[in-house]
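Scroll down for the structure; my scribbles are underneath it.
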Amino acid sequence: MEAAEPTEQNAGETSLTNADARQASTNCWAVIVGVADYRNYYSWNGDLWYPDDDAQELYDVLGPIWGGSHLKLLLNAQATKAGIQSAITSWIDPLEDSDDTVLFFFSGHGAQASFDQSPTDESDGKDETICPYDLSPYSWSYDIFDDELNTWLSNLESSRQVVIINSCYSGGFIDQAAQVKLMSSPQSQSDDFAQDLTKSGRVILTGGEGDESTWETTALGHSVFPYYLLDGFEHLEILDSNSNNQISAEELFNYAQPRTVSYESANDYESIQHPQIYDGYAGELTLLTLATLTIDVDPRATSVTLDGVAHSASVLPVAVDFLPGTNHTFSVPSLVGASLQEPRYAFLSWDDGVTSDSRTVTVSESASYVANYKTQYYLTVQSGLGSPFGEGWYDEDASATFSVTTPVDQGEGKRSVFVSWTGDSADHSSSSSTVMYGPKTVTAAWQEYVQLTVSTVPSHATTASGSVWYERGETVTLEVPEVVYPEAGVRYVFAAWNVGGSRVNDRSISVKLDAPQLAEATYTTQYHLDVQSVRGSPQGGGWYNSGSKAAFSVESPVGTIVRQVFAGWDGDSSATTPDAPIIMNGAKTVIAKWRTDYTQLYVLIAAALVMAGLLTVLILLRRKRHSLRDLADHPSDRLDL
């Protein structure tokens, strides 16, 4: 093998036991060999850079598929001639049987001996070898000749064997006359003896023809032919050319061979290797069956992301073939849908019960996963007032409760009162519910109310005082009593309404409430003056405005002979004259006092006595006059004095 350019070397090792192998359930076995660092370095056949990486990566690919216990990886110092022989004859031989598949892979130096080792079977007189770690510059005994490798493999029972040799002159391991499949270029030398690796049931892939060098390059980080063999596993949709969900040795070759030639041609290699194939197996020799990972969504309303690649809902279910044993990550959105007028979908779980919307699985065999979603609809609750509640997403067919707070006081004598819902509800209750079988919108309808405040002056003049809410624009009739009698001796007499700065004298008025209103009923306070007298026709009693001056009186004296004479006022007045004023700052009672006056009687009696005396005198005088006349007339009747 030739190096195209230097790079940092990389090697790995592994160790497996027969006990591990017997426990595995697969029936494929492999010895994978990569030698980059040789024990005996010499100028014409020195160390390489990538064969150990070739082997390591192939092991990493096949390990999860066939099982690590079914693979023997020999890197660098492990890959001695004895170690390689032992891996085939002592490790695989006891484990495999006729139904199994055996793979031998070698990447490293190859050589062409200047002689044909017995048995003589090379038409050009030269045997081809592969160079293990311990090859010697002084002896061919450490090389592995094609005849030796053939012998080791032929002692196995397996009926399906794949040999991949990536080394210089590796094409010489194939009996040229027995080649039955693709050869990319004419053979430059004849090799028509049947003692090479060609055998029924065996497929042989080589990195080049019998007289060609093989190449490695830092640009690929591998030997060129193994790189494209491995690259095929990254492009399974191309590699599986017959789409039978299986990868065969033939398909690997058909993928890697033209790409190897094309790469080296495009990069102007000084010589170009032409990978070769011998196919002694009837049909195609299957190396592995792909695992199909199928992802679906129920309902199909969203995309699926598989290993970083998004697959739209229109292409679901998505089914992708993978190498068995590989890890793959897939995910779905936790929520799907942004429009409030369309359904959205909330992730529930995968059909196997896993509730994480993103997961990583190891695909050992074909498997399917379905993401289950629940459908949700949005309830829009519209209201500029009343702290609307209930808007949001609801599961399909769930009952959604919505409400507003009513009434809503807006200050300054204004408030709004909920009337009903419109839209997807016609309920008149401020708290209601609806079944969410689709997106819904409910809108709260409000009625504006204004406050009418009625007061009286004075405040306790009537029971009409207080505040009442009315619909804006409503006309309200207000009426108060003409007179209110709160207590004895006190009354309030309606004076006027004061509404919005206007004075109205009617007791009954109509007010249109386009805005909050204050209606004030004004009353005049009056107090009663009670003028009491047992005689004398008292005057001035009645109702008077508060604070006014009332005049009251009584006739005096009363009577002619024995008279009743006014003697002053009692009660709320102490006036001494029959006519008096009083300030009406409350209910008042005045009582006339009287005294009996006998002066006239006495005068009359005196007069009577005088008259009586005079009368008596007159009578006496008259009688005396008559007596004198009688004496004159009748002297005999004259008396002696």
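What follows draws every value from the coordinates through simple rules; no lab data is involved. What you see is a predicted model; the values in this text were computed from it and never measured. So basically every Cβ, Gly included, is an ideal-geometry build from the backbone, and we count neighbours across all protein chains shown.
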Review point. Which length gain, in nm to one decimal place, applies between Val490 and Asn155 when the Cα-Cα distance is subtracted from 0.36 nm times their residue separation?
Key: 106.8 nm
Check your understanding: Which length gain, in nm to one decimal place, applies between Glu284 and Val468 when the Cα-Cα distance is subtracted from 0.36 nm times their residue separation?
Key -> 56.5 nm
Exercise for review: In nm, give the distance between the simple-model label positions of Arg507 and Ala445, each being 7 Å from the Cα along the Cα-to-Cβ direction.
Suggested key: 4.1 nm
Practice item. Please work out the ratio of the alpha-carbon Rg of the stretch 205-326 to 2.2 N^0.38 Å and round it to two decimals. Key: 1.33
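With N denoting the number of residues in the stretch 277-389, provide Rg(C-alpha) divided by 2.2 N^0.38 Å, to two decimal places. Could the numbers behind the result be given before it?
On the way: Rg = 20.7 Å, N = 113, 2.2 N^0.38 = 13.3 Å.
Working it through for the stretch 277-389, the quotient is 1.56.
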Revision key, fill the gap. Given a Förster distance of 45 Å, the FRET efficiency implied by the Cβ-Cβ spacing of Asn585 and Ser433, rounded to the nearest 0.05, works out to 0.10
**Study point:** Within the stretch 95-112: backbone nitrogen closer than 17 Å to the Asn244 label point (7 Å, Cα to C-beta)
**Key:** 101
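Between Arg623 and Leu601, take the C-beta separation as r, use R0 = 30 Å, and let me know the FRET efficiency to the nearest 0.05.
Values: r = 31 Å, r/R0 = 1.05.
After rounding, the FRET efficiency stands at 0.45.
Restricting to Cα atoms and excluding each atom paired with itself, what does the Kirkwood estimate give for the chain in Å?
Details: mean 1/r = 0.0268 Å⁻¹.
It works out to 37.3 Å.
Sort the following peptides by mean Cβ neighbour count (other Cβ atoms within 10 Å, averaged over residues), highest first: 132-144, 27-39.
Values: 132-144: 16.8, 27-39: 24.0.
Highest to lowest by the protection proxy: 27-39, 132-144.
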Check your understanding: Relative contact order (percent) for the chain, with alpha-carbon contacts under 8 angstrom and 6 or more residues of separation?
Key -> 7 percent
Practice item. Run down the lysines and flag those whose C-alpha is under 16 Å from the C-alpha of Lys199, throwing out any fewer than 8 positions away in its chain. Key: Lys181
Practice item. Among the lysines, select those whose C-alpha is under 26 Å from the C-alpha of Lys374, and discard any that sit fewer than 8 residues away in the same chain. Key: Lys440
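So what is the relative contact order of the stretch 475-515, in percent, for Cα pairs below 8 Å that sit 6 or more residues apart?
With pairs under 8 Å counted, the relative contact order is 48 percent.
FRET efficiency for Ser271 and Ser312, Cβ-Cβ distance as r, R0 = 45 Å, nearest 0.05?
0.40
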**Study point:** Residues of the stretch 430-469 with amide N under 11 Å of the 7 Å Cα→Cβ point at Val419
**Key:** 445-449
Review point. Over what distance in Å are the Cα centres of the stretch 554-573 and the stretch 371-403 separated?
Key: 93 Å
